[in-house]
Each structure stands twice: as structure tokens, then as C-alpha cells.
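J.: To start, I am sharing the structure in question, which I have written as C-alpha cells.
Please treat every number below as a calculation from the coordinates, not as lab data. Everything numeric here is computed off the predicted structure, so don't read it as measured data. No Cβ is skipped: glycine too gets one built from the backbone with ideal geometry, and neighbour counts run over all protein chains shown.
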Amino acid sequence: MTDYPTLILNDDRHIPQLGFGTYKIDEADAPDAVKTAIETGYWLIDTAAVYENEAGVGKGIGEWSDIFLQTKIWNESQGFDRTKKAFDKCLARLGREHVDMLLIHWPCPDKDLFVETWKAFIDLRKEGRAKSIGVSNFREQDLKRLVDETGVVPALNQIELHPSFQQRDLRKLHSEMGIVTQSWSPLGQGEAMDRGPIKEIADEIGQPASAVVIRWHLQCGNVPIPKSTKRDHIEANFKALDFELTDAQMKRIDDLDDAEGRMGPDPADFS
Ligand SMILES: NC(=O)c1ccc[n+]([C@@H]2O[C@H](COP(=O)([O-])OP(=O)(O)OC[C@H]3O[C@@H](n4cnc5c(N)ncnc54)[C@H](OP(=O)(O)O)[C@@H]3O)[C@@H](O)[C@H]2O)c1
């Protein structure tokens, strides 16, 4: 991973800091999209059982066995035994003996099963089939409960995070707890590039607006996982590794934060 930015997880493993998302990429399109991303240079691929593309993602990764692969256990599979069975199916679809990162997709507080699910994750990590374990869409109270009841701190929390919804309080908590922040919808589902200051910075430095957004995530210390099915977009987003933003440019993007900017579901009531 020469010159590729990485972060150290709380289990001492390294995670590549720029990843590739695959939500809404069909099973049939996934092999090509993933192959294009890996050929471009991405080292981390994110999928989930509910994306129904794990077999295509596994095919796209092919023989690149050192790619950092993440998947997620869906809400209906929460619970100790169900999680283990669901994970067996994930590995079978992916065509892999292990994943690098396994995530609980949503806390689903109304189901009240995420602690049991986490206990299954702890077993899967001991077995070496999930090299690292983490969560997604967990709030402060969910993270604290996991740690209080099991003593095991998630390595990572994958949360909605983009210039219009920056989740500063949760990021601060993550850094206090030793949890890596991974940004989902890092491009604001394609809308972040239309924000005035981002277009202006892109013009000033002669880089794609999408790369400016991804660069902002990297310099915040987040792990962004932009999704695209188009080669030119996949390559434009990867240019984020080629330049740096000044403190003043970072501040102009910081100033776009909006407490009402959430685009996806609220973890408090999503199941
Ligand atoms: N844990 C969770 O609950 C959760 C929820 C949502 C997403 N995720 C993960 O996060 C990943 C990324 O999030 P996302 O897919 O919602 O949104 P995103 O990455 O912020 O944006 C994707 C959208 O931006 C467009 N796009 C990408 N690069 C572009 C470029 N250079 N120029 C113009 N448009 C561009 C894509 O269209 P084209 O394909 O046409 O390029 C697509 O419409 C997902 O794929 C998934 O892996 C996780």
C-alpha cells in the first residue's frame, strides 16, 4: 500500500483511508464496477447483505486477495444465532474465507438485539473469519451500551457524513473512544459537488469537485467510500489522493455543515 493513506484501528490492524461503495450497484454490474475501482487503485470495497450484490463484488475482487473487504449484517438477521448463519451466507456469496471488516448495518433500537449480535461478532473475530468488527449508524448511546455490556469497542462506525451533515459530536466521541469514522454518502449522493464553495475551490485548484469533497473527508481523518458505476467518476474521485486542501479551503467546507442536512434514515427509528 505504498503512498496509499491508511489509519490504524483499535485492534492494531490498518485500514485503507479511501474506499469504494457499492450500494445500488446491481449484482450484474458489480464485477465491472469493482474491477474498475481496483484497477484505478482503490484498496477498500464496501458491500452489505442487503445490497444483494455480494456475489458480484466477490467476482470483481477476483484474485486480488489483499483488498480490504467489508460487508454488513442486515437488520432482520440480528440476534446471536441468526447473525452467525447470515454471516456464513455472506462469505459463501463473496466466495471468501474471511472479511476484513464486518459491520452491524443499523442499531435498530426497537429490536433490542444489537448486543447479542455484537457477541456473535466477537466470536467471529476470534475465529478469524471477521478480521475486524465494527458498526454502522450507531448513536452515542448505542456505542456506550455495546462497550458497557461486552467491553469490546467497535473498530469503526460507518455513518452518514458529507459536507452538509458533518456529525461533529459523534466524530468527537469516536476519537475519544478510539473508533474510526467511516463516511457513507460522502458525496451527499452526488449533491455535494453542486455547493458553491466546493465548485469554487475545484476551479481554483483545477481538480474535480468530487475529489475536493473526498479530500476534505481524508483531511478530517474520515474514511470516505464514494460509489460510482462510471469509470470517469471513479477516476475523478480517486484524484483526491493527488493534492491537499489548505486550512482556509477546509474551513470553507466546514462552514457548509447543517444540522438538518441528513439525507438518509434516522438511526433512532429505523429498523
Ligand atoms: N451503512 C449505511 O447505512 C449506508 C447507507 C448508504 C450508503 N452506504 C455506503 O456508502 C456508499 C456511498 O454512499 P452513496 O452511494 O449513498 O452516495 P455517494 O457515494 O455520496 O454518491 C453516489 C452518487 O454520486 C454520483 N457520483 C459519484 N461520483 C461522481 C462524480 N465524480 N461526479 C458526479 N457524480 C458522481 C453517483 O452516480 P454514478 O454512479 O452515476 O457516478 C451516485 O449517484 C454506498 O455505496 C454504500 O457502500 C452505507
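J.: Which of the residues that make up region 119-154 are in contact with an Asp or Glu (Cβ under 7 Å, 6 or more places away or on another chain) and surrounded by 23 or more Cβ atoms within 10 Å (Cβ to Cβ)?
T.: S132
J.: For the subset of region 158-190 comprising residues that are in contact with a His (Cβ under 6 Å, 6 or more places away or on another chain) and not in a loop (DSSP other than H, G, I, E, B), which member is surrounded by the most Cβ atoms within 10 Å (Cβ to Cβ)? Full working, then the answer.
T.: We begin by selecting, within region 158-190, every residue in contact with a His (Cβ under 6 Å, 6 or more places away or on another chain); these are 181, 183, 185-186, 188.
Add one more test, that the residue is not in a loop (DSSP other than H, G, I, E, B), and what stays is 181, 183.
Working: T181: 23, S183: 28.
Out of the qualifying residues, it is S183.
J.: Tally up the residues in region 243-260 that are loosely packed, with under 11 Cβ neighbours inside 10 Å and either within 16 Å of W184 (Cα to Cα) or among the aliphatic types (A, V, I, L, M) (or both), please.
T.: 2
J.: Now for a different question. For a quick check of your reading of the model, give me the residue pairs whose first member lies in region 168-196 and is within 15 Å of the ligand (Cβ to nearest atom), whose second is among the hydroxyl-bearing types (S, T, Y) and not in a strand (DSSP E or B), with beta-carbon atoms closer than 6 Å and at least 6 apart or on different chains.
T.: Here the result reads L187/S210; G188/S164; M193/S210, each pair linking region 168-196 to a residue that is among the hydroxyl-bearing types (S, T, Y) and not in a strand (DSSP E or B).
J.: Here's something else I'd like to know. Would you check which residues across region 225-246 are out of contact with any Gly (no Cβ under 7 Å at 6 or more places or on another chain) and within 11 Å of the ligand (Cβ to nearest atom) and list them? Quick ask: steps written out before the conclusion?
T.: Looking only at region 225-246, we keep the residues that are out of contact with any Gly (no Cβ under 7 Å at 6 or more places or on another chain), and these are 228-237, 239-246.
Result: S228, T229, K230, R231, D232, H233, I234, E235, A236, N237, K239, A240.
J.: OK, next. I'd like to know if region 261-271 contains one or more residues that are part of a loop (DSSP other than H, G, I, E, B), within 11 Å of the ligand (Cβ to nearest atom) and surrounded by 14 or more Cβ atoms within 10 Å (Cβ to Cβ).
T.: Step one: list which residues in region 261-271 are part of a loop (DSSP other than H, G, I, E, B), which gives 261-271.
Those left that are additionally within 11 Å of the ligand (Cβ to nearest atom): 263-265, 267, 270.
From what's left, surrounded by 14 or more Cβ atoms within 10 Å (Cβ to Cβ): 267, 270.
Yes: one or more hits.
J.: From the list A28, A55, A48, which residue is touching a residue at least 40 places away in the same chain (Cβ under 8 Å), within 15 Å of the ligand (Cβ to nearest atom) and either buried (at least 21 other Cβ atoms within 10 Å of the Cβ) or over 21 Å from V135 (Cβ atoms) (or both)? Talk me through it step by step, then tell me what you get.
T.: Values: A28 fails: touching a residue at least 40 places away in the same chain (Cβ under 8 Å); A55 fails: within 15 Å of the ligand (Cβ to nearest atom).
That would be A48, the only listed residue that is touching a residue at least 40 places away in the same chain (Cβ under 8 Å), within 15 Å of the ligand (Cβ to nearest atom) and either buried (at least 21 other Cβ atoms within 10 Å of the Cβ) or over 21 Å from V135 (Cβ atoms) (or both).
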